[in-house]
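I have placed the structure first, in the form of structure tokens, so that the comments after it can refer back to it.
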Ligand SMILES: C[S@@+](CC[C@H](N)C(=O)[O-])C[C@H]1O[C@@H](n2cnc3c(N)ncnc32)[C@H](O)[C@@H]1O
């Protein structure tokens, strides 16, 4: 019987790298506003090498299942491609990326930095119906940064809070968006 083998995904690298190994994600610049379970951050070093070897800088990168978008962000920040197309099904996540690329990055960053992070304030904020794309984007970031594991689905529950409901020990919520 003939044995079928899947072709290597990165044949030009397979001699050097073998199967891509997960890296310590702390060694990869954290450029995404999202915390993402199952994110692609571990894949960034392999991606850089693969893209650099294979394609010219003038290309367009398409990132399906964009989520936190770390692949597109890495490619753009490091000038590995000219453009990136991020494909995302979830409307809330898409609202964040649309707001950022359509001129509301600074508004979002200010909203994050001036938000008084208490459990009560988060609950109050999330009860509101967002009237604009950027408000929806802010609510999405808020959920992603305060719900367990960054899971947006209802019922995933909050991270543990410090005294008086204030998130003292862990300021993971605070980050600066700089997409100029
Ligand atoms: C595990 S996350 C991706 C993580 C991301 N690549 C990162 O590194 O941060 C998968 C994402 O794909 C999105 N998704 C699932 N099915 C999809 C589809 N058919 N088309 C586009 N996006 C989809 C989900 O909403 C989710 O945000």
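Arranged by the count of other C-beta atoms within 10 angstrom, fewest first, what order do 32, 58 take? Don't jump to the answer; show the numbers that get you there.
On the way: 32 23, 58 8.
Exposure proxy ranking, most exposed first: 58, 32.
At 0.36 nm per residue, and after removing the present C-alpha to C-alpha distance, how many nm does the segment from residue 101 to residue 133 gain when stretched out fully? It would help to have the intermediate numbers written out before the result.
Numbers: separation 32, 0.36 × 32 = 11.52 nm, distance 1.19 nm.
Length gained, residue 101 through residue 133: 10.3 nm.
By count of other Cβ within 10 Å, fewest leading, how are 36, 55 ordered? All intermediate terms of the calculation are to be shown ahead of the outcome.
Values: 36 17, 55 14.
Lowest to highest Cβ neighbour count: 55, 36.
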What full-extension length gain, to one decimal in nm, is calculated for residue 79 and residue 91 as 0.36 nm per residue of separation minus the Cα-Cα distance? 1.5 nm
With r as the distance between the Cβ atoms of residue 118 and residue 62 and R0 = 45 Å, compute the FRET efficiency 1/(1 + (r/R0)^6) and round to 0.05. 0.65
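Each reported figure results from applying straightforward, stated rules to the coordinates on display, with no laboratory input. Keep in mind that what you see is a predicted model, and the values were worked out from it rather than measured. With ideal geometry, Cβ positions are generated from the backbone for all residues, glycine too; neighbour counts draw on all protein chains shown.
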